[in-house]
Amino acid sequence: MRWGKIRKTYIGRLEERLPMLLIALPPKFKEEYPKEAEALKFNSHRLVTPFDLHATLVNILHHQKNFTFANPDGVNEELASNFTNRAQTLFEPVPVDRSCDEASIEEHWCTCEPSLPLDSDNRDVLIAADFLVDQVNSLLEPVRNICAKLELKTVKDARVWSPDYEHQGHSANDTILTLIVKVNPSGAVFEGTVRITAPQMTFALLGTVSRLNLYGSQSLCVKDAILKKYCYCL
């Protein structure tokens, strides 16, 4: 669910970040590996990621009792190490208190933290929205000769989050905002998460900026798949 009216709502945000995963185990597997089957059922109520699913498939493929990254294709060792650190086979119980930080889920994609709606004309919201658009324009700087500079048109939605500082590495001075903004001249609708740190009022973009409406032929002048989401060709 990447586009459409519902995606621009809070429920749509959750739907995008929490896709359904169905796994059907053969009866023979349940008979031969009862502990693994029970762990898989247990983990249906735990925070898991696509990396965990991949680790589980590697687990099956290489018949490993305990998951390790087999690296059969000679993947860069740094990438392999990063994969091992952020993934866990689902044939072992996932901790009940696993956090987004522990699962290497960026703030922008985390659904574990409580949030409250904010007025779109809130001072911090407007400043953060301008910062968000500036960040998109910075991404477009290498293609500035063919892509228009974007300007904030309106803030369509804003929410403030209450992160777990111990897990997420934030301080009590941090305010985390997720914003949905519309820009000129493209009419693009973007969603991004911004951290504001007081008292200096410094800003940081957390994760990527999502586009919530279709760009169609607006970005035919660029080939980069990432920049296509943001570019409005001149």
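Each reported figure results from applying straightforward, stated rules to the coordinates on display, with no laboratory input. Everything quoted here is computed from the prediction, not taken from an experiment. Please note: Cβ atoms are built from the backbone with ideal geometry, for glycine as well, and neighbour counts cover all protein chains shown.
Compared with the alpha-carbon gap, the fully stretched path from residue 96 to residue 10 is longer by 28.5 nm at 0.36 nm per residue.
A Förster radius of 25 Å combined with the Cβ-Cβ distance from residue 113 to residue 60 puts the calculated FRET efficiency at roughly 0.15. This ranking places 153, 5, 30 by how few other beta-carbon atoms lie within 10 Å of each, fewest first, which gives 5, 30, 153. Each of the peptides 128-140, 194-206 was scored by the mean count of other Cβ atoms within 10 Å over its residues; in descending order, highest first, they stand as 128-140, 194-206. Using the charge dipole of segment 85-161 (Lys, Arg: +1 at Cβ; Asp, Glu: -1 at Cβ; taken about the Cα centre), state which of 158, 90, 145 has its Cα farthest towards the positive end. Ranked along the dipole, the leading option is 145. Across segment 9-24, computed HN-Hα scalar couplings (Karplus, 6.51 cos²θ - 1.76 cosθ + 1.60, θ = phi - 60°) run 9, 5, 5, x, 4, 5, 4, 5, 8, 10, x, 6, 10, 10, 10, 10 Hz from first to last residue, x flagging Gly and Pro.
Residues whose amide H comes within less than 5 Å of that of residue 206, counting only those at least five positions distant or on another chain, are 193, 194, 195 (H built at 1.01 Å from N in the peptide plane). Here residue 221 and residue 121 are evaluated by their C-beta separation; at R0 = 45 Å the FRET efficiency comes out at 0.80.
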